[in-house]
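Report on the following structure.
The values are calculated or read from the model by the stated rules, or taken from the named source; none is laboratory data. What you see is a predicted model, and the numbers here were worked out from it, not measured in a lab. Don't worry about glycine lacking a Cβ; one is built from the backbone with ideal geometry, like all the others, and counts go over all protein chains shown.
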Amino acid sequence: MTERTELVEHGQLFIGGEFTDPLSTEVIEVISPHTEQVIGRVPHASEADVDRAVAVARHAFDEGPWPRMTPDERIAVITRIKDAFAVRHEEFARLISVQNGTPYSASVMVQALAAMMVWDSAITVARTFPYEERRDGVLGPLLVRREPVGVVAAIVPWNVPQFTAAAKLAPALLAGCTAVLKVSPETPLDAYLLAEIVAEAGLPEGVLSILPADREVSEYLVGHRDVDKVSFTGSVAAGRRVMEVASRNLTRVTLELGGKSAAVILPDADLEAAVAGIVPFAWMINGQACVAQTRILVPRSRYDEMAEAFAAAAGALRVGDPLDPATELGPLVARRQQQRSLDYIRLGQEEGAKILTGGNVPASQERGWYVEPTLFGSVDNSMRIAREEIFGPVICLIPYADEAEAVRIADDSPYGLSGSVWTADTERGIDVARRVRTGTYSVNTFSLDMLGPFGGYKNSGLGREFGPEGYGEFFEHKMIHLPAGYREA
């Protein structure tokens, strides 16, 4: 599995269901975070390419068959996409791993099968969604309709490119919307696999375009007058900018942003189970996950015992080539991300935190953008390493005195995306889950279920993805007043 990837080159863009020549000569070079060598080249979409993609999406929505099909007809097309994705999931997993450094051992599930599950779950929701319903109003009978919002700009990051693309495209397309997917310049190659699948699935002309481009072109797309809805996943700073630009046209937005989630270990918890359950999701995707459990809250009464156990588990994570099946922690996606983590490690030491394991570039790696799995102990929640999203393999161990303080510390964050609690008493864990202000929470596990609503409180975003709540984000609501006494024939 460790054989190197040959140079992958694409010369065209996928616009409205067809591969077509770009209107610019600018090229994106994809760099391996493991070898630091060029592994791919694709066209860099220009603003003129955005205009083309939005124009065909607008026409397909206003005049084409897709929004006018029945839900079952759209489900049949999206099911073909899901099935083809499942067949090629290992190809997706490998290609994403070589682009962003996710260990292949995790990539099959986290990058590929999880994305396929998003497509599948959206289909499940679409089958029973109430597209139209009758209500008794104050002044007479009502007909309430949910109609597709229109042209969707879906903007996704590099850490889980297919998972986040599916979270936007699956509900948008099933709802009857048309879409322009803007993919990250760090991970554009897997988007071409998706384009191949979509081209064979039978989407009508104009329904979907896929454009690799940078932040400036993303901003142009967000501000386009013919875009009705923006669904964005990324940083808080970028999310604020998306909201600002979209507001000029009163474009609707859904924002899935950052996190600094807390795993609360109560004094009665089984330590072995907690370590086994938390560590994979603290350092998941090499620490580059918005839902990662980056703050581990432990009782002072068991601090030394827990610090030793977590340090041992983190220090034992195998670092190396992301395509090696034994690798548990790969490189960060770019040199800037490596430097960001190293800067925070230095800052944490200056703030008075103690490195329990890691803290350096691993000596075993001669090249690549690696950082050792790093665990800080003696962290106060007021420290920047505990408050700011590092997006790297740097985790904080924070002591607390009692359960009330644990909940207070968990909530004392500008973020509110995820979290977990570990205890021998499940009912007690559920009580803690109810008290912490965060969008997704787990008791004695870590999970992200695609049939429930996913999203954040506070700076972690606006709106929801997954489940009926996420599906509903791609609809407008229309109320039709019916004459008094009307009864359907």
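The table below gives the values:
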| quantity | calculated |
| --- | --- |
| The range 273-288, residues that are under 21 Å from the mean Cα position of the chain (by Cα) and assigned to a helix (DSSP H, G or I) | 277, 278, 279, 280, 281, 282, 284, 285, 286, 287 |
| Yes/no for residue 225 being assigned to a helix (DSSP H, G or I) and in the same structural domain as residue 79 (by TED's automatic domain parsing) | no |
| Looking only at the range 393-420, and only at residues there that are of a type in the set (Ser, Thr, Tyr) and in a strand (DSSP E or B), the one that is surrounded by the fewest Cβ atoms within 10 Å (Cβ to Cβ) | 400 |
| Matching residues, the range 245-275, being over 25 Å from residue 404 (Cα atoms), hydrophobic (A, V, I, L, M, F, W, C) and either in contact with a helix residue (DSSP H, G or I) (Cβ under 9 Å, 6 or more places away or on another chain) or in the same structural domain as residue 383 (by TED's automatic domain parsing) (or both) | 245, 246, 253, 255, 257 |
| Members of the range 349-392 found to be of a type in the set (A, V, I, L, M), more than 13 Å from residue 329 (Cβ to Cβ) and assigned to a loop (DSSP other than H, G, I, E, B), listed by number | 353, 363, 379, 383, 390 |
| Complete set of residues in the range 36-53 that are part of a helix (DSSP H, G or I) and within 16 Å of residue 208 (Cβ to Cβ) | 49, 50, 52, 53 |
| Any chance residue 472 is crowded, with 18+ Cβ neighbours inside 10 Å, within 21 Å of the chain's Cα centre (by Cα) and not assigned by TED's automatic domain parsing to the domain that holds residue 147 | no |
| Criterion violated by residue 29 - all others in (1) in contact (Cβ under 8 Å) with a residue 40 or more places away in the chain; (2) not in a loop (DSSP other than H, G, I, E, B) satisfied | (1) |
| Failed condition for residue 91, given (1) modelled with pLDDT of 95 or more; (2) closer than 26 Å to residue 369 by Cβ; (3) surrounded by 20 or more Cβ atoms within 10 Å (Cβ to Cβ) | (3) |
| The range 158-187, residues that are touching a residue at least 40 places away in the same chain (Cβ under 8 Å), touching a Phe, Trp or Tyr at 6+ places or on another chain (Cβ under 9 Å), more than 26 Å from residue 62 (Cβ to Cβ) and not in a helix (DSSP H, G or I) | 159, 185, 186, 187 |
| Residue among 105, 24 that alone is modelled with pLDDT under 95 and touching a His at 6+ places or on another chain (Cβ under 9 Å) | 24 |
| Selection status of residue 476, over 30 Å from residue 425 (Cβ atoms), acidic (Asp, Glu) and touching a helix residue (DSSP H, G or I) at 6+ places or on another chain (Cβ under 7 Å) | no |
| Any helices (runs of 4 or more DSSP H) falling wholly within the range 54-115 and containing at least 1 residues that are within 28 Å of residue 217 (Cα to Cα) and touching a residue at least 12 places away in the same chain (Cβ under 8 Å) | 71-87, 89-100 |
| Selection status of residue 226, acidic (Asp, Glu) and in contact with a helix residue (DSSP H, G or I) (Cβ under 8 Å, 6 or more places away or on another chain) | yes |
| Residue among 370, 415 that alone is of a type outside the set (A, V, I, L, M, F, W, C) and closer than 22 Å to residue 291 by Cβ | 415 |
